[in-house]
Amino acid sequence: MALEVKLEVFEGPLDLLLHLIDKNKVNIYDIPIALITDQYLEYVAGMEKEDLNVVSEFLVMAAMLLDIKSKMLLPADEEPQEEQQDPRQELVEKLLEYKMYKYMSYELKDRQIDADKAMFKESTVPSEILEYEEPVNMEELMDGVTLLKLREIFNEVMKRSQDKIDPVRSKFGRIEKEDVNLEERTAYVYEYIGKHPRCSFRQLLGSGSSKMEIIVTFLVILEMIKGGRISVIQENRTDDILINLLD
């Protein structure tokens, strides 16, 4: 009868390497690569070959270990041009990173187990008690309060309010939207010039015109000049613009 040996199951090649390092009680920063490689290959040789995806991960690590082993067997240069890097350094960094995440997962699992043991009870306090507010004793509240103290409190509150005011934005004026109907304004300009063949721009605007009305009116005048409907004259830069209706 053949003797069956059940191998331990590891989550991956790094998990197996950590196990071998702990088993042999060696320093992770100074791994005896020959010993660990031989034990690693012995485990891989006994693995079940059904799951090729799992086996391939262990074989890739085996190739890496053999590569490191071969590099460490090579004689070192007597006069190296620069400081040579330890062939095990990359493997050590991977092991330390994996070990950190592994123990973090243990910590999270312990917290999950502890959380499952916690029991919570919904509040059964009557709503009347929850809504109850203890009456304010005005005598105790105002005990020791004088007019001078009230003034100090008032000044402190006012100072806090002033400190919250932005010294720049607080001086900005309020921006309001000016609604000017372009079609109505255009019809008004055409009608006004039709009744007043010679007029000034100021007369056309009339009194109480907003900035938006002035801009829209000026745009209509420019459109009429472009269409050859009117001509404009301004002798000096500060003089009013005179508008003449063309035949």
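The values are calculated or read from the model by the stated rules, or taken from the named source; none is laboratory data. The model shown is predicted, which means the values in this text are computed figures rather than measured ones. When we count neighbours, we look across all protein chains shown, and the Cβ atoms used for this are built from the backbone with ideal geometry, even at glycine.
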**OP:** Can you give me the ranges of the helices (runs of 4 or more DSSP H) entirely in the stretch 88-150 with at least 2 residues that are among the polar types (S, T, N, Q) and either on the phi > 0 side of the Ramachandran plot or within 43 Å of the chain's Cα centre (by Cα) (or both)?
**Re:** 89-117
Subject >> Candidates V92, V54, V136, filtered to the one that is β-branched (V, I, T) and either over 29 Å from H19 (Cβ atoms) or loosely packed, with under 10 Cβ neighbours inside 10 Å (or both) >> reply: V136
**OP:** Sort out which residues of the stretch 224-247 are surrounded by 13 or more Cβ atoms within 10 Å (Cβ to Cβ) and within 14 Å of Y190 (Cβ to Cβ), and write them in order of number.
**Re:** M224, I225, R229, I230, I243, L245
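Yes/no matrix, rows are residues, columns are (1) touching a Ser or Thr at 6+ places or on another chain (Cβ under 6 Å); (2) modelled with pLDDT of 80 or more; (3) outside the structural domain of L18 (by TED's automatic domain parsing); (4) assigned to a helix (DSSP H, G or I):
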position	(1), (2), (3), (4)
E42	no, yes, no, yes
M47	no, no, no, no
M64	no, yes, no, yes
D67	no, yes, no, yes
E78	no, no, yes, no
E82	no, no, yes, no
**OP:** Name the single residue, out of those in the stretch 179-197 being surrounded by 11 or more Cβ atoms within 10 Å (Cβ to Cβ) and not hydroxyl-bearing (S, T, Y), that is modelled with the lowest pLDDT.
**Re:** V180
**OP:** Within the stretch 221-240, work out how many residues are of a type in the set (A, V, I, L, M, F, W, C) and in contact (Cβ under 8 Å) with a residue 40 or more places away in the chain.
**Re:** 0
